[in-house]
1. Of all residues being touching a helix residue (DSSP H, G or I) at 6+ places or on another chain (Cβ under 6 Å) and in contact (Cβ under 8 Å) with a residue 24 or more places away in the chain in the stretch 156-181, which is nearest to Tyr39 (Cα to Cα)? Just the residue, please.
2. Give the residue that is modelled with the lowest pLDDT, with candidates limited to residues of the stretch 153-178 that are in a strand (DSSP E or B) and open to solvent by 70 Å² or more (accessible area, probe 1.4 Å).
3. Answer yes or no as to whether Ala209 is loosely packed, with under 12 Cβ neighbours inside 10 Å, among the hydrophobic types (A, V, I, L, M, F, W, C), assigned to a helix (DSSP H, G or I) and over 16 Å from the mean Cα position of the chain (by Cα).
4. In the stretch 182-206, which residues are closer than 30 Å to Tyr155 by Cα, without any contact (Cβ under 8 Å) to a residue 40 or more places away in the chain, surrounded by fewer than 18 Cβ atoms within 10 Å (Cβ to Cβ) and among the aliphatic types (A, V, I, L, M)?
5. Taking the criterion of being crowded, with 19+ Cβ neighbours inside 10 Å, modelled with pLDDT of 90 or more and not in a loop (DSSP other than H, G, I, E, B), would at least one residue in the stretch 130-137 satisfy it?
6. Can you pull out every residue in the stretch 187-211 that is among the β-branched types (Val, Ile, Thr) and touching a helix residue (DSSP H, G or I) at 6+ places or on another chain (Cβ under 9 Å)?
Amino acid sequence: MAENIFLFVPNIIGYVRIVTAIVSLFFMPTHPWVAVSFYLFSGLLDAFDGHAARYLNQGTKFGAMLDMLTDRCATMCLCTVLAMLYPRFAIVFQLSMSLDIASHWLHLHSSTMKGSTSHKAIDLSGNPILRVYYTSRPVLFFMCAGNELFFAMLYLLNFTDGMVTVGSATFSLVRALLIVSTPIAVAKAAISAIHLYTASQNIAAVDVAEREKSHKQS
């Protein structure tokens with residue numbers, strides 16, 4: 001009997017991620033804390049589907065695609081909201097979305113052309129930054145979590161400072177987390193730019209190889 005890929009545990013976790021992300025988007029206009037809670041929970045589940053895939057030997061191409069698309073779409077939707085909340089910086093969020101989607105799309109296709117089963121399967125002879133980014137799970141989780149935290153706190157800041165008191169000190173938790181996560185988000189954007197450049201180089205190399213092969217056969 002054929003396996004039902006759609007019911008693999010990692011993919012079920014992926015479906016839960018989609019549902020929680022949609023719930024987050026539903027509450028974004030009116031309930032910021034609820035929206036952020038569901039959004040970050042959806043992002044947190046991203047760490048568990050990968051572990052489940054490796055532990056249960058249920059890694060699939062469908063799961064890898066589901067994972068990437070959920071990440072990209074959730075971030076894109078939040079950036080769309082941020083562009084409306086901060087219209088003066090709409091161009092920044094638009095460029096951020098464009099860079100994120102273009103870099104991952106091109107990188108996915110370059111990986112497929114080179115025979116990889118996933119956009120996270122990196123040629124170890126390639127770019128050293130991407131090699132560390134994708135082969136070190138703590139680094140990947142830290143960068144992705146920090147990037148999502150940056151956008152989430154920027155969204156929250158439009159509604160509240162999130163003031164907390166620790167001992168005799170009172171400070172804005174939202175602003176503090178935003179400051180801490182800002183350099184991570186900037187670094188993540190730089191990595192996306194490297195993604196785009198490296199993927200372009202890889203696809204161009206495939207084109208050159210195919211043209212050379214075609215010329216030899218003609």
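The values are calculated or read from the model by the stated rules, or taken from the named source; none is laboratory data. Quick caveat: nothing in here was measured; it's all calculated off a predicted structure. No Cβ is skipped: glycine too gets one built from the backbone with ideal geometry, and neighbour counts run over all protein chains shown. Ligands, DNA and RNA are excluded from the accessible area calculation, which covers all protein heavy atoms including side chains. Shrake-Rupley method; radii C 1.70, N 1.55, O 1.52, S 1.80 Å.
1. The residue in question is Leu156.
2. Thr165
3. yes
4. Scanning the stretch 182-206 gives Val186, Ala190.
5. There is no residue in the stretch 130-137 that is crowded, with 19+ Cβ neighbours inside 10 Å, modelled with pLDDT of 90 or more and not in a loop (DSSP other than H, G, I, E, B).
6. Ile191, Ile194, Thr198, Ile203, Val206
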